[in-house]
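The values are calculated or read from the model by the stated rules, or taken from the named source; none is laboratory data. Everything numeric in this text was worked out from a predicted model, so none of it was measured. Don't worry about glycine lacking a Cβ; one is built from the backbone with ideal geometry, like all the others, and counts go over all protein chains shown. All accessible areas refer to the heavy atoms of the entire protein, side chains included, with ligands and DNA or RNA removed. Shrake-Rupley method; radii C 1.70, N 1.55, O 1.52, S 1.80 Å.
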Amino acid sequence: MEHNRIIEFANAKVNLSLDVLGVLENGYHEVEMILQEIDLADDIILEPLESGIELHCDVDYLPLDASNLAWRAADLVLKETGLDKGVRITIVKRIPVAAGLAGGSADAAAVIRGLNRLYDLNLDLETQQRIGLSLGADVPFCITGGCAVARGIGEKLEPLAGFGSHWVVLAKPNIGVSTPAVYQRYDQTVIEERPDTPALIQAIRTDQMRYVAEHMVNVLEPVTTQMHPIVGKIRNQLIQYGSDGAMMSGSGPTVFGFFRQYDRAMKACKNLKKTYAQVYLARTTNRAL
């Protein structure tokens with residue numbers, strides 16, 4: 001059965017921790033990190049075509065060809081299934097790009113999920129995640145969302161439950177950060193603090209938001225902050241505005257903070273918007289396991 005139109009939400013993620021355990025034989029860094037979905041999301045609209053892939057977007061700074069992960073995701077699904085059909089993809093963009101929030105990976109994951117529904121392909125979760133992994137290490141997590149520990153290069157997922165509906169304020173400075181450059185400098189940096197991942201996992205399972213907020217550690221943060229001091233400035237501002245804890249997500253440059261009260265979170269947003277153009281209020285999501 002073919003549907004006329006499918007809408008999927010492509011949710012952003014933040015890191016509640018990020019640790020680098022070493023370098024693998026293939027040159028990739030082995031990581032252990034806790035990923036948390038938030039409700040800041042792009043809309044992905046899928047419509048059937050007789051053939052080919054069309055990609056449209058409401059902003060003019062995204063590529064609309066095979067260099068876009070959403071396009072590549074559709075191409076892979078169509079080739080994997082041998083389906084003699086095409087798809088029109090429309091992206092309504094809300095997640096900032098190159099921000100450490102997995103926006104491109106989330107879009108790709110939504111296309112994989114959405115095509116599965118659009119054409120009733122019956123792809124199981126393992127197959128969807130395998131297709132996603134060929135596009136990027138964050139895509140398998142973005143397919144399932146929720147909260148999870150990610151190991152390996154980020155593809156080995158241990159789902160966690162019980163951490164949802166907490167207020168998060170995010171601010172992205174107007175700079176770009178090169179993830180390869182951050183990891184290259186990380187290899188030359190002495191890291192003084194690493195996350196206590198087991199303790200954070202336990203706190204997430206018992207929904208202790210304040211403990212998580214106060215004990216989040218991202219070993220890439222001091223590296224990116226050294227390259228771009230504004231990252232540290234935003235973190236200090238979030239603490240000053242009353243967040244229980246703040247940290248950079250991924251390799252940056254977006255910084256986020258947890259707030260227990262909506263009013264305080266809104267006030268922090270208003271204050272940050274006086275300086276930064278890309279400021280967002282979101283909540284963590286909690287998908288049932």
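General observations
- Filtering Asn286, Asn218 for residues that are farther than 29 Å from Gln184 by Cβ and touching a Ser or Thr at 6+ places or on another chain (Cβ under 9 Å) leaves a single hit, Asn286.
- Options Ala108, Ala137, Ala98; residue that is crowded, with 24+ Cβ neighbours inside 10 Å and either part of a strand (DSSP E or B) or of a type in the set (Gly, Ala, Ser) (or both): Ala108
- First in the range 188-200 and within 12 Å of Val219 (Cα to Cα) and of a type in the set (Asp, Glu), second anywhere and open to solvent by 30 Å² or more (accessible area, probe 1.4 Å) and in a helix (DSSP H, G or I), Cβ under 9 Å, 6 or more apart: Glu192/Pro222; Glu193/Pro222; Asp196/His215
- Residue in the range 114-132 that is without any contact (Cβ under 8 Å) to a residue 60 or more places away in the chain, part of a loop (DSSP other than H, G, I, E, B) and closer than 27 Å to Pro195 by Cα present: no
- Here no helices (runs of 4 or more DSSP H) wholly within the range 168-238 include at least 2 residues being among the acidic types (Asp, Glu), surrounded by fewer than 22 Cβ atoms within 10 Å (Cβ to Cβ) and in contact with a Phe, Trp or Tyr (Cβ under 7 Å, 6 or more places away or on another chain).
- Cβ-Cβ under 7 Å pairs, at least 6 apart or on other chains, the range 6-24 side outside any strand (DSSP E or B), far side among the hydrophobic types (A, V, I, L, M, F, W, C) and surrounded by 24 or more Cβ atoms within 10 Å (Cβ to Cβ): none
- Residue match in the range 250-257 (condition: within 19 Å of Gln36 (Cβ to Cβ), modelled with pLDDT of 95 or more, surrounded by fewer than 24 Cβ atoms within 10 Å (Cβ to Cβ) and within 21 Å of the chain's Cα centre (by Cα)): no
- In the range 18-55, the residues that are among the small types (Gly, Ala, Ser) and more than 13 Å from the chain's Cα centre (by Cα): Gly22, Gly27, Ser51, Gly52
- Some residue of the range 160-177 being among the polar types (S, T, N, Q) and touching a Lys or Arg at 6+ places or on another chain (Cβ under 9 Å): yes
- Selection of the range 30-70 for residues being of a type in the set (D, E, K, R) and in contact (Cβ under 8 Å) with a residue 24 or more places away in the chain yields Glu30, Glu32, Glu37, Asp39, Asp42, Asp43, Glu47, Glu50, Glu54, Asp58.
- For the range 226-256, residues that are touching a residue at least 60 places away in the same chain (Cβ under 8 Å), small (Gly, Ala, Ser) and within 25 Å of Thr189 (Cα to Cα) total 4.
- All strands (runs of 3 or more DSSP E) inside the range 26-93 with 1 or more residues being surrounded by 15 or more Cβ atoms within 10 Å (Cβ to Cβ) and small (Gly, Ala, Ser): 29-49, 86-92
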